[in-house]
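The values are calculated or read from the model by the stated rules, or taken from the named source; none is laboratory data. Keep in mind that what you see is a predicted model, and the values were worked out from it rather than measured. Note that we place each Cβ from the backbone using ideal geometry, even for glycine, and neighbour counts take in every protein chain shown. Just so you know, the surface numbers come from the protein's heavy atoms only, side chains and all, with ligands and any DNA or RNA stripped out. Shrake-Rupley method; radii C 1.70, N 1.55, O 1.52, S 1.80 Å.
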Amino acid sequence: MTTVPELVAQRDPTGAREWRERRRDTRRLLPDLPGAMALATDGSDRTTAPVLRDAGVDVVGLLAPEPLESLAWAAEAEAPRAYADLVAMLSDEIEAVCIEMGPPGSDVIARRSVEAGLHVLLARPTTADPESLRAVADLAEESDLAHVVAMDGRAWPAAWHVQASLAALGRITQVTVLGAPAGQSGRAEIVDLVVRWCGEVLAVCASPDAMPAARLTADAPVTFALLSASGATALINERPDGRLETATITICGTGGRMVVQGRRVLRQDADGTRDLLMRAVPGARPGLIEATYDVVRVTELGDPALVRGATFHDLLTIARVLAAADASEEDSGWVEL
């Protein structure tokens, strides 16, 4: 059976890889030349192309599940080219791909894109095949390619402030989240924050009967709990209308505590209480904007180490925790990782 990379080579005898080499040479003379990116989308969010452009890339083509959808959505997104299929996209003169589809389609496109020598941006923190994602990450790193996952928490100034202030709080003992976003993407965001602040997650609970605490407030049941390697317990109340920027997050340590809500950070320790206001998060899709900045830096400067946000490795960690949460709901107890 002919593989996708072989089909790409057959359809593109001049070589898209050679074009990218020439593009890199041209960029040395024209450093402001924007990266050429394709968008693979299922049409669930029509704001993606403008967000990508605002973050500094040139959206040159669009791939949808069906050829006619590709034509219609490319016109709507003002993308010059519409791709009939995946091979057509991978054969085009592009440097990166933004994938805005759910798995398993997103997993397949990510793998084929890296095999074709393209930087990859996942617009959603989801995967159906963690082992395949690990292989994609390994291949990308061997080829000096970016593999970036859009996470709103990675663009949240208050979250970075907490991370920079952890030493002053001492050993973290508990994190509570009131009004967290529900659903798999919401849980992915919370897991990413807890891992960044508290370290590796050792056990997960998504069973109401096994929670270490039933409620955070009278009308806020604990729906998700994590135990980290540092000994910290995270107790999370999820709501269908929950959002990171409106949730109340409390981080308690042996030397003080911090309360975060949106731009506001309240810090209490031996030196007193400080009420800080962080800078505003840019745009309606801050995680996608920040992830695109990462791809722009790698494309323009050629150094994957410039990625500051979430990578496929972070998504692998998240996927393991979310799988354990699903098992906890089925087994009605804590699940160790």
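Here's the yes/no breakdown for (1) among the aromatic types (Phe, Trp, Tyr); (2) in a strand (DSSP E or B); (3) more than 20 Å from Ala167 (Cβ to Cβ); (4) touching a residue at least 24 places away in the same chain (Cβ under 8 Å):
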position: Leu227; (1), (2), (3), (4): no, yes, yes, yes
position: Thr246; (1), (2), (3), (4): no, no, yes, yes
position: Arg257; (1), (2), (3), (4): no, yes, no, yes
position: Gln268; (1), (2), (3), (4): no, yes, no, no
position: Leu276; (1), (2), (3), (4): no, yes, no, yes
position: Glu290; (1), (2), (3), (4): no, no, yes, yes
position: Asp294; (1), (2), (3), (4): no, no, yes, yes
position: Leu316; (1), (2), (3), (4): no, no, yes, yes
position: Glu329; (1), (2), (3), (4): no, no, yes, yes
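For segment 99-119, filtered to residues that are β-branched (Val, Ile, Thr) and free of Cβ contacts under 8 Å to residues at least 60 places away in the same chain, the residue that is surrounded by the fewest Cβ atoms within 10 Å (Cβ to Cβ) is Val108.
Table: residues versus (1) over 30 Å from Arg23 (Cβ atoms); (2) touching a residue at least 24 places away in the same chain (Cβ under 8 Å); (3) open to solvent by less than 50 Å² (accessible area, probe 1.4 Å); (4) in a strand (DSSP E or B).
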residue: Val260; (1), (2), (3), (4): yes, yes, yes, yes
residue: Val298; (1), (2), (3), (4): no, yes, yes, no
residue: Arg308; (1), (2), (3), (4): no, yes, no, no
residue: Ala319; (1), (2), (3), (4): yes, yes, yes, no
residue: Gly333; (1), (2), (3), (4): yes, yes, yes, no
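The single residue among Leu62, Leu68, Leu90 that is open to solvent by 10 Å² or more (accessible area, probe 1.4 Å), modelled with pLDDT of 95 or more, more than 19 Å from Arg297 (Cα to Cα) and among the aliphatic types (A, V, I, L, M) turns out to be Leu68. Quick check on Gly272: is it open to solvent by less than 60 Å² (accessible area, probe 1.4 Å) and touching a residue at least 60 places away in the same chain (Cβ under 8 Å)? Judged against the criteria, Gly272 is not a match. When the residues of segment 264-316 are filtered to those that are modelled with pLDDT of 95 or more and among the polar types (S, T, N, Q), the one that is farthest from Ser185 (Cα to Cα) is Thr292. Would you be able to say whether some residue in segment 213-228 is within 19 Å of the chain's Cα centre (by Cα), of a type outside the set (S, T, N, Q) and more than 20 Å from Ala323 (Cα to Cα)? No, segment 213-228 contains no residue that is within 19 Å of the chain's Cα centre (by Cα), of a type outside the set (S, T, N, Q) and more than 20 Å from Ala323 (Cα to Cα).
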